[in-house]
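Below is one structure, written out as structure tokens; comments come after it.
The values are calculated or read from the model by the stated rules, or taken from the named source; none is laboratory data. None of these values were measured; they are calculated from a predicted model. Cβ sites come from the backbone with ideal geometry, for glycine too, and all protein chains shown count toward neighbours. These accessible areas exclude ligands, DNA and RNA; they are computed on the full protein's heavy atoms, side chains included. Shrake-Rupley method; radii C 1.70, N 1.55, O 1.52, S 1.80 Å.
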2 protein chains.
Amino acid sequence: MHNDSGRRQFLTTLTKAAGVSLLIDTPFMSQASPGHAAPMTVGQVMDLILKKIPDAPFPKTVDTLKSGSASQTVTGIITTMFTTMDVIEKAIAAKANFIIAHEPTFYNHADETDWLKNDAVFQKKQALLDKHNIAVWRFHDYWHAHQPDGIYTGMLSALSWEKYVDKNDPRLLIMPATPLHQIITHAKQKLGIKQVRIVGDRNQSCQRVLLMPGASGGRNQIAAIERTKPDVILCGEVSEWETPEYVRDARQQGAKLSLVVLGHVLSEAAGMEWLVSWLKPQLPGMPISYVPSENPFSYE
Amino acid sequence: MHNDSGRRQFLTTLTKAAGVSLLIDTPFMSQASPGHAAPMTVGQVMDLILKKIPDAPFPKTVDTLKSGSASQTVTGIITTMFTTMDVIEKAIAAKANFIIAHEPTFYNHADETDWLKNDAVFQKKQALLDKHNIAVWRFHDYWHAHQPDGIYTGMLSALSWEKYVDKNDPRLLIMPATPLHQIITHAKQKLGIKQVRIVGDRNQSCQRVLLMPGASGGRNQIAAIERTKPDVILCGEVSEWETPEYVRDARQQGAKLSLVVLGHVLSEAAGMEWLVSWLKPQLPGMPISYVPSENPFSYE
């Protein structure tokens, strides 16, 4: 288990701020006020959410139902980064049958499953979802397309960095000159991260911080570096032959540029936590909770 | 700098074994015996190599010339994982004008450069290559297609694991029951790795070890897990939404399966080192040396 005091603190703050009640890891049906609202189907919840997303529904998106059906009545909603086996078990224990997850369920971006038909891990996961009639909706493209980007908003809040957002480019933060190691310590503490990977100099003084949660891809990361000219880019995940090599070359050319890889899950998780406070006022009486899927890695 | 005593030891062993002379980080023109062999062009060296690769040349491959021309006369060859700025400077210092690199030069798999036309890092790198007339050839698909796979052979040798190769599946190693933490310590020491990421249990006893250097992709990694039923998969790089989540789900279902992510560069580097001993007997008199591009990351 990572040290998640930072996360918990954020959660408490967020809970207070939004005036909602969140209980993690405990069944939350008691929170519901059955009868206060008419029963809603998965499809109705999706429609309600999509009304708040510019240009939704998108003709092409990975944000599809991965299990369950749009016509089933929702007994409770869980938001998370990954629909892991553990998250599914927690949903079942909480009697919640609708999981809204930021990332794929079946180990590939498009959640294609033909190649997994005979795979025991896939079969057991799908059987568990089927047995308990759990609907899983990926909420990735839409949440990023929300104005403002739902993931980014949650991350800024968790990091207490809203005040640094550049007016011309919301991905760029302009902060008082800070040694990189202090920025790293802050991010690790606030996000509950155990370990980051760095290309650069931990003593470098940084004012311009480019924050790119998740795995935006090398071209997007490099284009954003060109555009914003940061001292450091913080991102969730990289392909090692892309941004890390670009930053290494830039540094060997004399540029003052560092890269910090936060890890994918914890670079975006606060955005799926923030989704709860965004959803609650729109679904009065509906039990909604965030269940962390946690960073899967240990380090040695 | 990482502790690379393991690498150096391997290099010494390999050098002795192959009866070749390798000097790293020093100009090596003195090793050459000019006049012993006729001058060769880049294209002639490429042709000579491709004759040893089954079905080469491939109609579609990323293994193209990234700079320089096939018609230039080779003054010396350097093999490496990444053509970093530092590796280019070392090639120039060594008066070697032909770099054979396993990975891309310009931060994307296909080495497309249109999107980088106005990028200062790209411009400076290309200008340095042009100024010194350095040819860069990517040697990825072909080296993996060599029988046996050149990268895999070099890695097996560096790890002293040849004796464990399964007769039915060369990617699978069957070793005496060993706690995972001992396997990790061995790999770190032999390959000069500072830090690995683990999904699993460091105390798990392992006999079946699936070794997949580089970034083979989630589908290939998962398909190999299905095929070989390993206790642990060691790989170079992963996308976090693919193999790590598969292994996490498998473990939460009760399977005895761990994942160790070695890091891309050092999971394949010994294979580019081995290329030197493979090339030397075929190019008598040609100065050929391996220059490590090193793992770019530090950890905090």
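Selection of segment B:247-292 for residues being farther than 26 Å from B:A94 by Cα, assigned to a helix (DSSP H, G or I) and open to solvent by 10 Å² or more (accessible area, probe 1.4 Å) yields B:R248, B:R251, B:Q252. Just a yes or no: is a residue in segment B:135-143 within 14 Å of chain A (Cβ to nearest Cβ), basic (K, R) and free of Cβ contacts under 8 Å to residues at least 40 places away in the same chain? Within segment B:135-143, not a single residue is within 14 Å of chain A (Cβ to nearest Cβ), basic (K, R) and free of Cβ contacts under 8 Å to residues at least 40 places away in the same chain.
Within segment B:66-82, does at least one residue satisfy the condition of being of a type in the set (D, E, K, R) and at pLDDT 95 or above?
Looking only at segment B:66-82, we keep the residues that are of a type in the set (D, E, K, R), and these are B:66.
Retained after the next criterion (residues that are at pLDDT 95 or above): B:66.
Looking through segment B:66-82, at least one residue is of a type in the set (D, E, K, R) and at pLDDT 95 or above.
Looking only at segment B:158-200, filter to residues that are assigned to a helix (DSSP H, G or I) and among the aliphatic types (A, V, I, L, M); which one of those is farthest from the chain's Cα centre (by Cα)? Selected residue: B:L180. Do we find that A:A120 is without any contact (Cβ under 8 Å) to a residue 12 or more places away in the chain and under 29 Å from B:I222 (Cβ atoms) in this structure? Criteria met by A:A120. Pairs meeting the criteria (first residue in segment B:215-235 and free of Cβ contacts under 8 Å to residues at least 12 places away in the same chain, second residue of a type in the set (D, E, K, R) and open to solvent by less than 10 Å² (accessible area, probe 1.4 Å), beta carbons under 7 Å, at least 6 apart or on different chains) are B:E226/A:D119. Tallying residues that are touching a helix residue (DSSP H, G or I) at 6+ places or on another chain (Cβ under 9 Å) and more than 10 Å from chain B (Cβ to nearest Cβ) within segment A:214-246 yields 7.
The residues on offer are B:T75, B:T61, B:T83, and the sole one that is farther than 19 Å from A:I225 by Cβ, part of a loop (DSSP other than H, G, I, E, B), among the β-branched types (V, I, T) and open to solvent by 40 Å² or more (accessible area, probe 1.4 Å) is B:T75. From the list B:V199, B:V209, the lone residue that is open to solvent by less than 10 Å² (accessible area, probe 1.4 Å), under 15 Å from B:P230 (Cβ atoms) and within 12 Å of chain A (Cβ to nearest Cβ) is B:V199. Is it true that some residue in segment A:201-218 is assigned to a helix (DSSP H, G or I), modelled with pLDDT of 95 or more and touching a Gly at 6+ places or on another chain (Cβ under 7 Å)? No - not one qualifying residue is present in segment A:201-218. Scanning segment B:86-133 for residues that are part of a loop (DSSP other than H, G, I, E, B), open to solvent by 50 Å² or more (accessible area, probe 1.4 Å) and farther than 24 Å from B:G214 by Cβ yields B:K95, B:K117, B:N118, B:H132, B:N133. Restricting attention to segment A:137-155, does a residue exist that is open to solvent by less than 20 Å² (accessible area, probe 1.4 Å), of a type in the set (K, R) and assigned to a strand (DSSP E or B)? Yes: segment A:137-155 contains one or more residues that are open to solvent by less than 20 Å² (accessible area, probe 1.4 Å), of a type in the set (K, R) and assigned to a strand (DSSP E or B).
Annotation: B:V238 fulfils all but one of (1) crowded, with 24+ Cβ neighbours inside 10 Å; (2) assigned to a helix (DSSP H, G or I); (3) without any contact (Cβ under 8 Å) to a residue 60 or more places away in the chain; the unmet one is (2). Residue count for segment A:280-300 satisfying the condition of being within 9 Å of chain B (Cβ to nearest Cβ) and basic (K, R): 0.
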